[in-house]
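Chemist: Before anything else, here's the structure in question.
The values are calculated or read from the model by the stated rules, or taken from the named source; none is laboratory data. Keep in mind that what you see is a predicted model, and the values were worked out from it rather than measured. All Cβ positions, even for glycine, are placed from backbone atoms using ideal geometry, and neighbour counts span all protein chains on display.
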Amino acid sequence: MKPKGQLFVLSAPSGAGKTTILKRVMQEIAKLAFSVSHTTRQPRKGEMDGVDYHFVSVEEFTGMRDEGMFLEWAEVHGNLYGTSRMAVLEQLEKGIDIILDIDVQGASIISEDDSQDSVSIFVAPPSLQELERRLRGRGTDSEETIMLRLGNARKEMNSAKQYDYLVVNDNLDEAAATLKAVLIAERSRSHRLPSGDPIDLEAGR
């Protein structure tokens, strides 16, 4: 019987470099899909609807939430974020691994859901001082937003010990290699090849 895909939960403080690491790894690993979340926040420069996020109104989001359409949802930095239950389950049934890029609130909801077999990974900056430097270097956030993100980062990093794996993004190449190693190791644990295909020992594979 074809094994189902694995659900991976990836979290990190804003500015830790999680998105950059993930994009690099996804270019190198087959049968790995990114779950596009729904959010009520406004698109940033360069972001595309349906690619980076599904951008929806508060009314649309709360309607979906009330109908039970989200696997998890949370309010982060004053905006709502949610993961489509149907989109994730359809991919897993096809044997495709799914990565959820969600915050610690959403990760906690997934971990407490007995119906979901998930692997959690936390990406951390080498220090809060370095995180602040990166946030200021982006030049996209106000001082108020930066201080809010730093305050949330302190709380989020306290939750890192609850995750299955911890990746410290001090060096981008090393962090990407570590995340890739985790994904491949988990495929091996579920008796699959690095490609994501099942291992058939009887066929000599």
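Chemist: Among the residues in region 57-69, are any of a type in the set (V, I, T), more than 26 Å from V167 (Cα to Cα) and either free of Cβ contacts under 8 Å to residues at least 60 places away in the same chain or outside any strand (DSSP E or B) (or both)?
Modeler: Restricting attention to region 57-69, the residues satisfying the condition of being of a type in the set (V, I, T) are 58, 62.
Next cut, more than 26 Å from V167 (Cα to Cα) only: 58, 62.
Going one step further and asking which of them are either free of Cβ contacts under 8 Å to residues at least 60 places away in the same chain or outside any strand (DSSP E or B) (or both), we end up with 58, 62.
Within region 57-69, one or more residues are of a type in the set (V, I, T), more than 26 Å from V167 (Cα to Cα) and either free of Cβ contacts under 8 Å to residues at least 60 places away in the same chain or outside any strand (DSSP E or B) (or both).
Chemist: Something else about it: Could you please give the count of residues in region 12-36 that are outside any helix (DSSP H, G or I), more than 26 Å from R136 (Cβ to Cβ) and not charged (D, E, K, R)? Lay out the reasoning, then the answer.
Modeler: Within region 12-36, the subset outside any helix (DSSP H, G or I) is 12-17, 27-36.
Retained after the next criterion (residues that are more than 26 Å from R136 (Cβ to Cβ)): 27-36.
Going one step further and asking which of them are not charged (D, E, K, R), we end up with 27, 29-30, 32-36.
Within region 12-36, residues that are outside any helix (DSSP H, G or I), more than 26 Å from R136 (Cβ to Cβ) and not charged (D, E, K, R) number 8.
Chemist: Can you name every residue in region 163-183 that is within 25 Å of E93 (Cβ to Cβ) and part of a helix (DSSP H, G or I)?
Modeler: Selection gives L179, K180, V182, L183.
Chemist: While we're here: Please enumerate the residues belonging to region 163-198 that are farther than 15 Å from P126 by Cα, aliphatic (A, V, I, L, M) and in contact (Cβ under 8 Å) with a residue 60 or more places away in the chain.
Modeler: L179, V182, L183, I184, listed by residue number.
Chemist: Scan region 25-49 and report the pairs whose first residue is within 24 Å of W73 (Cα to Cα) and of a type in the set (F, W, Y) and whose second residue is at pLDDT below 90 and assigned to a strand (DSSP E or B), with Cβ atoms within less than 8 Å and a gap of 6+ or a chain change.
Modeler: Here the result reads F34/D101, each pair linking region 25-49 to a residue that is at pLDDT below 90 and assigned to a strand (DSSP E or B).
Chemist: Please pick out the residue among E156, E144, E132, E186 that is among the acidic types (D, E), in a helix (DSSP H, G or I) and loosely packed, with under 14 Cβ neighbours inside 10 Å.
Modeler: On the way: E156 fails: loosely packed, with under 14 Cβ neighbours inside 10 Å; E132 fails: loosely packed, with under 14 Cβ neighbours inside 10 Å; E186 fails: loosely packed, with under 14 Cβ neighbours inside 10 Å.
From the options E156, E144, E132, E186, the qualifying one is E144.
Chemist: Something else now. Filter region 1-52 down to the residues that are of a type in the set (A, V, I, L, M, F, W, C), exposed (fewer than 14 other Cβ atoms within 10 Å of the Cβ) and modelled with pLDDT of 90 or more and list them by number. Talk me through it step by step, then tell me what you get.
Modeler: So the first thing to find is which residues in region 1-52 are of a type in the set (A, V, I, L, M, F, W, C), and the list is 1, 7-10, 12, 16, 21-22, 25-26, 29-30, 32-34, 36, 48, 51.
From what's left, exposed (fewer than 14 other Cβ atoms within 10 Å of the Cβ): 1, 30, 48, 51.
Correct list: A30, M48.
Chemist: Can I ask one more? Select, from G106, G137, G82, the only residue that is surrounded by 15 or more Cβ atoms within 10 Å (Cβ to Cβ) and part of a helix (DSSP H, G or I). Walk me through it before giving the result.
Modeler: On the way: G137 fails: surrounded by 15 or more Cβ atoms within 10 Å (Cβ to Cβ); G82 fails: part of a helix (DSSP H, G or I).
Just a single option satisfies the conditions, and that option is G106.
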